[in-house]
Structures are given as C-alpha cells and as structure tokens.
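Read-outs: derived from the displayed coordinates by stated rules, not from any lab. Just so it is clear, the structure is predicted and the values come from calculations on it, not from any experiment. For neighbour counting, all protein chains shown are included, and Cβ atoms are generated from backbone atoms with ideal geometry for every residue, glycine included.
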Amino acid sequence: MTVTTSRGGALDRPRSEEWLDRHAASVMGTYGRPARVLVRGEGAHLWDADGNQLLDLLAGIATNALGHAHPALTGAVSAQLATLGHVSNLAATPVQVGLAETLLRTCDAPEGSRVFFTNSGAEANEAAFKMARRTGRPRVLAAEGGFHGRTMGALALTANPAYREPFAPLPGGVEHVPFGDVEAMAAALADTSAGEVAAVVLEPVQGEGGVRPAPAGYLAAVRRLTREHGALLVLDEVQSGAGRTGTWLAHQQPHHLGDAIAADPAMRPDVVTLAKGLGGGIPVGAAVAYGPAVAGLLGVGQHGTTFGGNPVAAAAALATIHVIERDGLLDRARHVGALLRDGMVAVDHPLVLGVRGEGLLLALVLSAPVARDVTAELLGAGFVVNAVAPDAVRLAPPLVLTDAQATTFLDALPGVLDRVLQRSGPPTGGTA
Ligand SMILES: *Cc1c(COP(=O)(O)O)cnc(C)c1O
C-alpha cells in the first residue's frame, strides 16, 4: 500500500519515526514529541503506524466514549454529512433542536432552560464566563487545581500558573480558592470588599488537576452558599460529564448533588459545560443554562460561533447519547470502573499508593514521581494511558471497555511496575 503525501510524493508505508520527524518539522511544538503515530482504531483498540495493536485506556482524553469507529457514530455522521453538512446559525436544523432537547433532558434542566452550542470545552466555559459577566457583578471564584481550557477567558478561570503566566494580562476579576474547602469558599463569597461574586466555577472531579473528586458534600455546601449570595454555580463537566463517572453528569452522583437535588430541585447548578465525550470524538461542546433567568443572560447578538451546533457535530452527539442509553453504558462505566479501581488497589506493589477518581475517570496514584516512566512502560506493553501528574497515571477508557480488556491491563500492571522500579530504584515518597 502507498500513502500519498501532501507534498505530492508517494511513499511506501512510512514508519513511525519518519512520521514523527515530519511532525516535528511541520506541526507547532505545543504538545512535545508525540509518543506514537496512530493510524486506525476499532472499539477500544488502536493500531500505530508500525502495526502494533494497543488497548486504548485514554479514549482521546475522555473523548471517544464509544471507542473507535463505532458503527452508530460513523453511520449517523456519514448520513448527516450526506444530507446537510453545515448551515449557519441564521438557520435552525432538526438535528440541532433534537440535541438541545436531549441535553435538557439528560441534564435534568428545568422548564425555561436553554443550550448554547460550542466546538470545544474552552468555548463552553467562555460562554459561561460571559453569562457571569452579564450578571453585572465583577468577581468570579474558581478552584486551585482546576482546569477550564486554554483560551484567554478559560485560562483566567484556570489556576495553574505555568499555563497562565506566559499570557498575562488575562481577563480580570477571577480569584482562586482551595478546592474542597467550604470555609474558604464561604469566606471568599462573604468578603465583598472587591464587589460581589457573579459565579463560582468548579469541576465535580478535577481532571487535569490529577483526577481529584470533590469531597462528598462539598458541591452541595457550595450550592447552598451560592444561593445565599445570589451567585451562579457553574459546573465544568467537560471531562467528568457525558456518562464518564456512571451518571450522565458527575454532579448527579448522590454524594455530589444527586441526593440534594432529589430533596430540593433548587439545588441544581445554574450552568453546566460539556464537550470532550459529548460527540464521541467529533468536536462539539455545550453550555447548558438552567432556568429562564440564567438562560436569558446572553441575549440576541451577545454571543455566537460559526460552527456551534453544526449538524454533523449535533448528529454525532445525538448518536453518542443514544448508544450510551441504549447499551446501558452508564452501568458499564460504573461496573468496569469498579473492576479497574478494585484491581489496581489490590496490586500489592511498593509503587502503588492507591486510586483516585469516579467511574471511568481514574488515576493510579504512585508512591514516587514516576508517572511518565509508568506511562511509557505501559505503552511499550500495549496500553495507552497518560501521566496526569508526576505521581499519577490517568485512565479514561471508552465506556465500551469490556471486563476482559480491563483484565488484560490489570494482569500486565505488576510486571510493568516492576520494570519501572528496577530502573528507577526504590520509591522515595510521593505527594498524594
Ligand atoms: C479538557 C477540558 C477543558 C477544555 O476543553 P477543550 O475542548 O480542550 O477546549 C475544559 N474543562 C475541563 C474540565 C477539561 O477537562
């Protein structure tokens, strides 16, 4: 087989090294040198340019909820593209309306709620940020360890100084409080010397911050506080949503807001942002505004994006949600998530401290800062994961992962950890 390149030449199946050199010479270096060149996927499996088969335990970073090349997704996307691929937002399409209605249902949004469609998670958070500004209040609170995207507004919400500082000045008014600390949140809301708080922006499970779930009861306490102070509660479920934790949204878990909402529907959030898993790998995001007051914050002409709610993206999201519901993938996420968690916890190894996370958003926490070595060794053994922190390896597999596939990983893990330990010497203590 030959591959015709953009340079017009025909090459005999270039191998990974050659592709990586060409990547380095043509693609901007924002991601560092990629670990592999991938050419094909099916279900939870991937194949690289050298013909190696890999088990995908990362799913495009919590994105390919249905795995690769799922027939329902490829069918829906192909059919939509062959029917109506794109129109402007000066027109409505049945598929976009269908997705908005489906999201309002799955997000348990009350009467009067509305959806704004985006192409990414950062843009969904930008929309939420603009809603916050429209309250007229100057301040926004977000959490230390939080991640909300790389555009300037989303970056202002993101605490990590390494991401922020090269791009100062960022949009103002954002303050960061310790994650999980109700007292600190209460104090920040009560101190109005710099004005009142428009919104509190939180992830139910901090993803990029190392897969750290909010402590039980934290979101409910923050919801009560934000109600008292008239501030919006914005939940960034870009990574934790779309079924990944075993409920459609992570905050719907009983220990986050689920029990509280069951007792009092006014405990629902004001805005939920989604992207990553929503389109099963096709770029689509959404900001869901709960109730008419929040849904009305952005009026005609106050926000927009050309591709937002694109018919192909909407068809992808509808197909993804349909399959999650039809095939019981929320149950699967809970079940195989527990299997992976219990299996990793049970690994008796000096490098294993424990496991963090919920459902199929998990981190294997190590006793030494060797997550990169463990990730590289796992890749060599045929498993795709990523180092989400120096001492934590993230697993965010497709929701279709089978028990047998999870077991191959668990079986391989002790040997992988042994090899890392042999090379790095005994652990000197981790940070978790
Ligand atoms: C990935 C992520 C984002 C940014 O999404 P993009 O699609 O990369 O812009 C925002 N918030 C959270 C919680 C994320 O995990």
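For region 72-326, the relative contact order is 29 percent, taking Cα pairs closer than 8 Å that sit 6 or more residues apart in sequence and dividing their mean separation by the residue count. Think of region 323-413 as having a plus end and a minus end, set by charges on the Cβ of Lys, Arg, Asp and Glu; of Leu410, Met344, Val393, Val393 sits farthest toward the positive end of this dipole. Each of Ala24 and His229 was given a label point 7 Å from its Cα along the Cα-to-Cβ line. The distance between the two points is 4.9 nm. Among residues other than Leu235 with Cβ under 9 Å from its Cβ, the summed charge is -4 (Lys and Arg +1, Asp and Glu -1). In the chain, the calculated helix contribution to ellipticity at 222 nm averages -11000 deg cm²/dmol per residue, counting -39,500 (n - 2.57) for every DSSP H run with n ≥ 4. Simple spin-label estimate for Ala184 and Tyr31 gives 3.2 nm between the two label positions (7 Å along the Cα-to-Cβ direction from each Cα). Overall, region 228-302 carries a charge dipole of about 280 debye about its Cα centre when +1 sits on the Cβ of Lys and Arg and -1 on the Cβ of Asp and Glu, all other atoms neutral.
If R₀ is 22 angstrom, what is the calculated FRET efficiency for the pair Asp331 and Asp264, using the beta carbon separation as r and rounding to 0.05? Working shown, then result.
Working: r = 27 Å, r/R0 = 1.22.
About 0.25, to the nearest 0.05.
Would you please state which residues of region 72-96 a label at Val300 would reach in this model, taking the label point 7 Å out along Cα→Cβ and a backbone N cut-off of under 16 Å? Zone members listed by number: 89-92. Applying the Karplus relation 6.51 cos²θ - 1.76 cosθ + 1.60 with θ = phi - 60° to region 107-114 yields 3J(HN,Hα) values of 7, 6, 7, x, 3, x, 6, 9 Hz, where x marks Gly and Pro. Dipole of the chain computed with +1 at Lys/Arg Cβ and -1 at Asp/Glu Cβ about the Cα centre; of Thr102, Ala92, Ala293, farthest Cα towards the positive end is Ala92. For the pair Ile61 and Ser88, label points projected 7 Å from Cα toward Cβ lie 3.3 nm apart.
Taking a ≥ b ≥ c as the square roots of the Cα gyration tensor eigenvalues, with a/c under 1.5 meaning rounded and otherwise prolate when a/b beats b/c, else oblate, which class fits region 10-66? Oblate.
Membrane-span-like helices in the chain (whole DSSP H runs, Cα extent of at least 15 Å along the helix axis, mean Kyte-Doolittle hydropathy of at least 0.0): 71-83, 94-106, 311-326, 329-345, 403-424.
Given axes a ≥ b ≥ c from the Cα gyration tensor, I'd like to know whether region 83-129 is rounded (a/c under 1.5), prolate (a/b larger than b/c) or oblate.
Oblate is the answer for region 83-129, as a/c is 1.5 or above yet b/c matches or exceeds a/b.
If both residues of a DSSP beta bridge must be in the chain, then about 65% of such bridges are antiparallel. Annotation: amide H-H contacts under 5 Å for His45 (H modelled 1.01 Å from N, sequence separation of 5 or more, or interchain): Asp56, His68. Relative contact order of the chain: 20 percent, from C-alpha pairs under 8 Å at least 6 residues apart in sequence. Between the amide H of Val400 and those of Gly67, distances stay under 5 Å, these residues lying 5 or more places away or on another chain, with hydrogens modeled in the peptide plane.
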